[in-house]
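Presented below is the structure to which this report refers.
The values are calculated or read from the model by the stated rules, or taken from the named source; none is laboratory data. In this text, all values refer to a predicted model and were calculated from it rather than measured experimentally. Here Cβ is always computed from backbone atoms with ideal geometry, including for glycine, and neighbour counts include all displayed protein chains. Ligands, DNA and RNA are stripped out before the accessible areas are found, and what is left, the full protein with its side chains, is counted by its heavy atoms. Shrake-Rupley method; radii C 1.70, N 1.55, O 1.52, S 1.80 Å.
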Amino acid sequence: MFVSLWEFFYGHFFRFWMKWLLRQMTGKCELQRIFDTYVGAQRTHRIENSLTYSKNKVLQKATLVVQSEVDKCVEDIMKEKNINPEKDASFKICMKACLLQISGYKQLYLDVESVRKKPYDSDNMQHEKLLLKQMFIQLWNLLMPTKTLKARISKQWADIGFQGDDPKTDFRGMGILGLINLVYFSENYTSEAHQILSRSNHPKLGYSYAIVGINLTEMAYSLLKSEALKFHLYNFVPGVPTMEHFHQFYCYLVYEFDKFWFEEKPESIMYFNIYREKFHEKIKGLLLDCNVSLTLKI
């Protein structure tokens, strides 16, 4: 109750008068003061909040701008806030960088969601071709270079951690996004993928490599959707975050989860969900740091 009242009064009264007082003292608007004080994710995050909670419609709409309209949006903001480009030459550059990150994050989520909603369907020739090309040729050959896959539907898929003879049945929920992530990690971090696949066959601490990989795609997706990845991406990507950066974060999760699993030494794979959630909470905790940048360091 007290917190709600404070948020109401702060948002409707105190914040306005604080901003007015600081502008009189410094001669600069809140956006300029943020650029003077903060860098990295803190800067973008504070700019985003300032725009979101502004009563000015031009500033509010800035958080929804598409990348192609960013330059015009910056000009509109400068005009609205009476910012002279000759007196504050860096404002335009800084605001553009922040808006590209803000709009880029929103677009990245839409891109990831679009791929996720494409279910793997063997009746769809385009998806079938993708499976044959990426999974059959890339995923299998990258992970099992000394073995030949005898058929697309085969018990051999269990060797890399799928549950059934036809791997398409394991992609429910994450759709083709899970497949793309598996291929990306195997292709870009082949030696690490071999190492983790080998460790996943441990007689006591083993787990299903492919199934866990798809599960970690869901984790990366949920963190992106909840906006928990903002600090990480705002620090990691100086411009527009893309699918490539999402895949890189997925690779970080795969590598770190394998280390976490063997450090924790679960009694049985039956406790997977418990340790998966424990790992999830650990990652969410790291992502709360405004200076965070979770990159795969090998």
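For the criterion of being polar (S, T, N, Q), open to solvent by less than 10 Å² (accessible area, probe 1.4 Å) and at negative phi, Asn181 passes. Asn188: open to solvent by 20 Å² or more (accessible area, probe 1.4 Å), more than 23 Å from Met270 (Cα to Cα) and at pLDDT 95 or above, yes or no? Spelling it out, Asn188 is indeed open to solvent by 20 Å² or more (accessible area, probe 1.4 Å), more than 23 Å from Met270 (Cα to Cα) and at pLDDT 95 or above. Restricting attention to segment 146-175, the residues being farther than 15 Å from Tyr209 by Cα, of a type in the set (Val, Ile, Thr) and buried (at least 22 other Cβ atoms within 10 Å of the Cβ) number 0. Pairing each residue of segment 60-83 that is closer than 11 Å to Cys98 by Cβ and open to solvent by 80 Å² or more (accessible area, probe 1.4 Å) with any residue that is among the hydrophobic types (A, V, I, L, M, F, W, C) and modelled with pLDDT under 95, provided the two are 6+ apart or on different chains, yields no C-beta distance under 7 Å.
Flag set for Ile211, criterion: farther than 18 Å from Lys106 by Cα, in contact (Cβ under 8 Å) with a residue 24 or more places away in the chain and out of contact with any Ser or Thr (no Cβ under 6 Å at 6 or more places or on another chain). Restricting the first member to segment 188-205 and to residues that are of a type in the set (Asp, Glu), and the second to residues that are open to solvent by less than 80 Å² (accessible area, probe 1.4 Å) and modelled with pLDDT of 95 or more, the beta-carbon pairs closer than 7 Å and six or more apart or on different chains are Glu192/Tyr255.
So, in segment 84-109, of the ones that are aliphatic (A, V, I, L, M) and free of Cβ contacts under 8 Å to residues at least 24 places away in the same chain, which residue ends up least open to solvent (accessible area, probe 1.4 Å)?
Ala89
Here Val3 fulfils each of the conditions (1) at pLDDT below 60; (2) open to solvent by 100 Å² or more (accessible area, probe 1.4 Å) apart from (2).
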